[in-house]
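One structure is given below, encoded as structure tokens.
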Amino acid sequence: MTIWRFILLTVGGVSALTGLYIFAAPQAFYDAVPGLNLMGPFSVHFIRDVGLAYLAGGAILITGGALADRRLALAGALWFVLHALFHLQIWVHRGLPFDHIFWFDLFAVIAPSFLALVSGLKLTRGQAS
């Protein structure tokens, strides 16, 4: 197994588990994520939608990694990368403060998203072993 497939399986697995957590415990998720309350009041519907997006994206990343399928890996990375770009825009809007919100976003949202994207791009035919 290549490092790229391992990354896809890892990011996909963590994302799918995160999605299950978000869907099952939306209030706990809302309370635990730094800065989330700055985005607006608690909305169980919206937060569960995000949980389902994490679950679906994670499942597609896992499938892409397991099958060494570049198209599936990139499809799985799409929502995460768009989500990361949104968080980068929030950083700029906030003036790039290096606070706990910045570090959480960097390691929980942005880095995994771009790792998944790069890993998907690195997949080539013949990596199924």
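None of the figures in this text is laboratory data; all of them are computed from the coordinates on show. For clarity, every value in this text was computed on a predicted model and none was experimentally measured. Glycine also receives a Cβ, built like all others from the backbone with ideal geometry; neighbour counts cover every protein chain displayed.
For region 7-35, which positions are small (G, A, S) and either in a helix (DSSP H, G or I) or loosely packed, with under 14 Cβ neighbours inside 10 Å (or both)?
Matches in region 7-35: G12, G13, S15, A16, G19, A24, A28, A32.
Can you tell me which residue is surrounded by the fewest Cβ atoms within 10 Å (Cβ to Cβ) among those in region 86-113 that are assigned to a helix (DSSP H, G or I) and among the charged types (D, E, K, R)?
R94
State whether the residues of region 36-47 include one that is buried (at least 17 other Cβ atoms within 10 Å of the Cβ), within 11 Å of the chain's Cα centre (by Cα) and in a helix (DSSP H, G or I).
Within region 36-47, none of the residues are buried (at least 17 other Cβ atoms within 10 Å of the Cβ), within 11 Å of the chain's Cα centre (by Cα) and in a helix (DSSP H, G or I).
Yes or no: region 23-31 includes at least one residue that is among the aliphatic types (A, V, I, L, M) and within 17 Å of the chain's Cα centre (by Cα).
Within region 23-31, not a single residue is among the aliphatic types (A, V, I, L, M) and within 17 Å of the chain's Cα centre (by Cα).
Look through Y30, Y54 and report the one residue that is of a type in the set (S, T, Y) and closer than 19 Å to G76 by Cα.
Answer to the check: Y54.
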